[in-house]
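Take a look at the structure set out below.
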Amino acid sequence: MKHFIKIALFCGVLFLVPILTLTKEPAATSYYENRTLAVFPPFSTQELMDGEYFPKVETYINDHLVWRDRLLKLNIQKEFSLRNPVINDVVVSGELLLPHYSTARESYDKQAMAQELDMLEKLNGYCAQNGIEFLYVGIPEQSTAFEDRYPPYLKHSSYKDDSLRTDFMQGLTDRGIDHLEMAQYLSADYDRFYSKTDHHYNLYGAYETYLRIMSYINDNYFPAPVTEDLEITPVDTAFLGSRSRKLFGLFESDDRLYTGTLADPIPFERYDNGKPVASTVYSESNRNVYAYYMGGDMAETIIRTNRPELPDVLIVGDSFTNALEAILYTSFDEMRSLDFRYYTEKSIYEYLADYQPDMILYVRDDLSYHLTTGNGDLE
């Protein structure tokens, strides 16, 4: 009888879990994993016959499994108790959280890099013909900044070879594309400039990048004011960095976000995706995550300071531009930003033809140099 009850309970759970999963309201994204979850696949006779339909259903169930977050959290707690150095693809190295890579950098797609460089050369030529200054800004990703902090027994082959970065920068030089590589400046104090638990630089790193960009612009292109009175202070809320989120916030850290205060605030108007929004560059509803800067990733943001004597700038890039945008607008009459992972209304050429800024800043982290998707898709 006891065996029968156990079998009945086991079968009941096997039956109940997928039913509850399929009937509960599905979430669109995972907060902790910071990704989009699978959508239930529409039925297709062809996919059913090809054996492709049920694997998609299985992916959906895996993403939306009832009690999924609780189960994942319990598993991470177990991994911490066992002191595993890699948990959920995150390397726990002292006070740092770093990614565990599976692909060595020296094996990057060289054909894709050549294609990306060719697209940048074409865009640079277009800008030259139309009186628009073009500057490519390269920023080290957090794992690059702290590559020497990997435990010796976990130091991945990704860091045996720096050819991805050096080959790309040489490609820019060979094609006559002006560029500013921030590694030479941020390397002076990576601990000051980078987050311990997130893949971005912090506001100190963004401010250093801003100062170097503005110095380069004033030395090589045109005069523009430089904001030197930014007071940077920590945000009084625990920070949940992108790598800490993958560990469900269970990693204890003193890592913090920072906010910036101007001695002489500059009034401005802000528009996100064509609609007016509050005139702020810090999102109080996101005080514990990197989306604190600019409210996170936006397809298009426009900030107008109504100082027509100053130049206009267009900044293109992904989340590495967010903290930079929170400062950059202070030096221009109008700052626009585009993230081509979300912006689909116009190509970069159509946008430049309509907007005609004085300058375009193309900002990319060094893990994205060779990618031809998202902000690397210039066509």
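The values are calculated or read from the model by the stated rules, or taken from the named source; none is laboratory data. Everything quoted here is computed from the prediction, not taken from an experiment. All Cβ positions, even for glycine, are placed from backbone atoms using ideal geometry, and neighbour counts span all protein chains on display. To get the accessible areas, we keep the full protein, side chains included, count just its heavy atoms, and leave off ligands, DNA and RNA. Shrake-Rupley method; radii C 1.70, N 1.55, O 1.52, S 1.80 Å.
For the reader, a short list of remarks on this structure follows.
- When +1 charges are put on Lys and Arg Cβ atoms and -1 charges on Asp and Glu Cβ atoms, the dipole computed for region 184-278 relative to its Cα centre reaches about 500 debye.
- Pairs of Cα atoms nearer than 8 Å and 6+ residues apart set the relative contact order; for region 134-259 it is 26 percent.
- In order along region 190-203, phi translates into HN-Hα couplings of 4, 5, 7, 8, 10, 6, 7, 10, 9, 7, 9, 6, 8, 5 Hz, rounded to whole numbers, per the Karplus curve 6.51 cos²θ - 1.76 cosθ + 1.60 with θ = phi - 60° and x for Gly and Pro.
- Chain lengthening between Ser285 and Ser107 when straightened (0.36 nm per residue, less Cα-Cα): 60.0 nm
- Rounded, prolate or oblate (a/c below 1.5 giving rounded, otherwise prolate when a/b exceeds b/c) for region 283-379 by Cα gyration tensor: oblate
- Anisotropy class of region 135-273 from Cα gyration tensor, a/c 1.5 cut: oblate
- Listed residues Ser244, Ser319, Pro308: farthest to the positive end of the dipole of region 240-325 (Cβ charges): Ser244
- Of the accessible area of region 121-193, computed with a 1.4 Å probe over protein heavy atoms only, carbon and sulfur atoms account for 42 percent.
- Region 255-379: relative contact order as a whole-number percent, Cα under 8 Å and 6+ apart: 23
- Per residue, the accessible area of region 330-379 comes to 36 Å² when a 1.4 Å probe rolls over the protein heavy atoms.
- Close amide H pairs (under 5 Å, H built 1.01 Å from N) link Tyr282 with Met294, residues at least 5 positions away or on another chain.
- Length gained when the stretch Tyr349-Ala278 is fully extended (0.36 nm per residue, less Cα-Cα span): 22.6 nm
- Between Arg307 and Asp377, the simple label model (points 7 Å from Cα in the Cβ direction) yields a spacing of 3.7 nm.
- Whole-percent carbon and sulfur share, accessible surface of region 332-379, 1.4 Å: 39
- Amide H partners (placed H, <5 Å) of Glu133, local residues excluded: Met359, Ile360
- Surface accessible to a 1.4 Å probe, per residue, for the residues of region 170-304, Å²: 45
- Region 254-314: C-alpha gyration tensor shape, a/c 1.5 cut-off, then a/b vs b/c: oblate
- Nonlocal amide H pairs with His199, under 5 Å, H built at 1.01 Å: Ser242, Arg243
- Relative contact order (%) - region 69-151, alpha-carbon pairs under 8 angstrom, separation at least six: 23
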